[in-house]
Amino acid sequence: SDPFPFYGQYQAGIVTPAQDRLHFVSFDVTTDERAELVELLQDWTAAAARLTQGREAGSYGAVGGAPEAAPDDTGEALGLPASGLTLTVGFGGSLFDGRFGLAGRRPAALADLPKFPGELLNPEISGGDVCVQACAHDPQVAVHAIRNLARIGFGKVSVRWSQLGFGRTSSTSRAQATPRNLMGFKDGTNNLKLEDSALLRDHLWAAAQDGSPWMAGGSYLVTRKIRMTVETWDRTSLAEQEQIFGRNKGEGAPLGKKAEFDTPDFTAKGPDGELHIKSDAHVRLAHPSAHGEARLLRRGYNFVDGSDGLGRLDAGLFFIAYQRDPRKQFVPVQMSLAKSDPLNEYIKHVSSGLFACPPGVRDASDYWGRTLF
Ligand code: HEM
């Protein structure tokens with residue numbers, strides 16, 4: 001398949017049909033020099049423009065440079081195609097703390113997330129000044145890209161945390177089949193999709209009139225690492241699993257309906273007089289109709305980070321969602337899920353990230369974050 005274009009009005013990796021693999025990284029900026037940060041973003045942009053087209057990170061490459069110099073590409077993607085690689089950059093709230101003269105530029109929509117009931121966040125794998133989301137069909141290609149950005153950033157940034165994901169848990173295009181999460185359910189059925197242009201304009205892309213003109217054409221990214229206790233889930237009856245989500249497991253149809261894309265009927269009752277979709281079902285609590293029509297573009301991935309030493313898999317969902325304003329979208333949805341979702345018995349949010357992803361890079365003279373600086 002052809003590489004995804006790197007240049008454009010919007011960053012790639014948001015409405016791009018979700019690839020199968022993820023390597024997400026969050027950096028702390030270690031330099032205090034604004035000029036060095038800008039220079040790094042320019043160097044990263046040049047490397048990203050090459051990497052996403054299946055080229056090496058630098059112009060000499062892994063083996064074309066002087067033998068006495070460290071190569072300007074690490075080499076593990078030699079011979080591999082672009083593999084649908086996209087690289088998407090975002091800026092965390094901490095970047096606006098005054099070190100770089102950006103305090104007045106922090107978008108209101110980048111307000112720190114509130115504390116949600118039940119979360120158990122580990123600060124060491126949360127937050128960060130700058131994030132990069134690498135998505136590709138080949139994990140080697142995604143890891144290669146992040147590794148080379150970290151290498152280029154040596155002395156200016158350090159890796160704060162990073163997360164690998166396998167198996168997308170969302171569709172972001174109607175051309176894609178809906179994948180399944182590690183609970184075995186189709187995930188991404190009622191997602192914002194690239195074909196929904198009017199909804200994307202209203203719910204996904206920030207606009208100049210939102211208050212931060214530098215973010216026009218950008219989007220806000222929320223990440224949540226959500227650990228699942230899959231062992232407990234796997235001992236739960238099929239009927240209970242389906243009631244928790246409000247959809248059936250085989251087809252992904254809303255309970256009481258037949259096909260995956262049938263519209264859920266939240267008022268329909270069975271012969272026993274019970275609601276088909278229970279009052280606390282995940283899809284009811286998260287549905288746009290419960291939140292002033294607020295929508296999210298979900299783009300998460302499954303993870304299994306080995307085991308936890310207690311005889312359990314360290315598994316779950318690395319939740320990723322893009323939106324125009326988290327205060328009106330992620331926050332109210334997550335608040336109601338945190339309070340009432342029966343899924344909470346099987347999940348724990350252990351890390352959190354919030355990033356302002358700037359508009360796309362227009363051409364080779366432009367760079368990631370130019371409108372901010
Ligand atoms: C829908 C799973 C966490 C927001 C769904 C669906 C599943 C699912 C199976 C139904 C299919 C679909 O429309 O995609 C999960 C699992 C989670 C989780 C396993 C945690 C491990 C979250 C979180 C949010 C969220 C943290 C946002 C705060 C939504 C939304 C929908 C949805 C907006 C669509 C509801 C609709 O319009 O019908 N989720 N989800 N989910 N989920 Fe989650």
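Tell me, which helices (runs of 4 or more DSSP H) lie completely within segment 164-252 with 3 or more residues that are without any contact (Cβ under 8 Å) to a residue 60 or more places away in the chain?
197-203, 238-245
What's the total number of residues in segment 235-252 that are surrounded by fewer than 19 Cβ atoms within 10 Å (Cβ to Cβ) and aliphatic (A, V, I, L, M)?
2
Inspect all residues belonging to segment 128-140 and state whether any of them is within 14 Å of the ligand (Cβ to nearest atom) and modelled with pLDDT of 95 or more.
Quick first cut of segment 128-140, residues within 14 Å of the ligand (Cβ to nearest atom) only: none.
For segment 128-140, residues within 14 Å of the ligand (Cβ to nearest atom) and modelled with pLDDT of 95 or more: absent.
If G256 meets every condition in (1) within 30 Å of G92 (Cα to Cα); (2) of a type in the set (G, A, S); (3) in a loop (DSSP other than H, G, I, E, B) apart from one, which number is that one?
(1)
On the given criteria, is M183 farther than 16 Å from L87 by Cα, away from the ligand (no atom under 16 Å from the Cβ), of a type outside the set (D, E, K, R) and buried (at least 17 other Cβ atoms within 10 Å of the Cβ)? Let's see the steps before the verdict.
On the way: farther than 16 Å from L87 by Cα: yes; away from the ligand (no atom under 16 Å from the Cβ): no; of a type outside the set (D, E, K, R): yes; buried (at least 17 other Cβ atoms within 10 Å of the Cβ): yes.
It is false that M183 is farther than 16 Å from L87 by Cα, away from the ligand (no atom under 16 Å from the Cβ), of a type outside the set (D, E, K, R) and buried (at least 17 other Cβ atoms within 10 Å of the Cβ).
Report yes if M228 is within 11 Å of the ligand (Cβ to nearest atom) and surrounded by 16 or more Cβ atoms within 10 Å (Cβ to Cβ), otherwise no.
On the way: within 11 Å of the ligand (Cβ to nearest atom): yes; surrounded by 16 or more Cβ atoms within 10 Å (Cβ to Cβ): yes.
It is true that M228 is within 11 Å of the ligand (Cβ to nearest atom) and surrounded by 16 or more Cβ atoms within 10 Å (Cβ to Cβ).
Out of segment 288-311, which residues are without any contact (Cβ under 8 Å) to a residue 40 or more places away in the chain and either touching a Gly at 6+ places or on another chain (Cβ under 8 Å) or among the hydroxyl-bearing types (S, T, Y) (or both)?
Within segment 288-311, S289, S307 qualify.
Sort through V230, V159, V222 and tell me the only one that's closer than 15 Å to I14 by Cα and of a type in the set (V, I, T).
Working: V230 fails: closer than 15 Å to I14 by Cα; V159 fails: closer than 15 Å to I14 by Cα.
Criteria check complete, one pass: V222.
The values are calculated or read from the model by the stated rules, or taken from the named source; none is laboratory data. The structure presented is a predicted model; accordingly, all values stated were derived computationally and were not measured. Don't worry about glycine lacking a Cβ; one is built from the backbone with ideal geometry, like all the others, and counts go over all protein chains shown.
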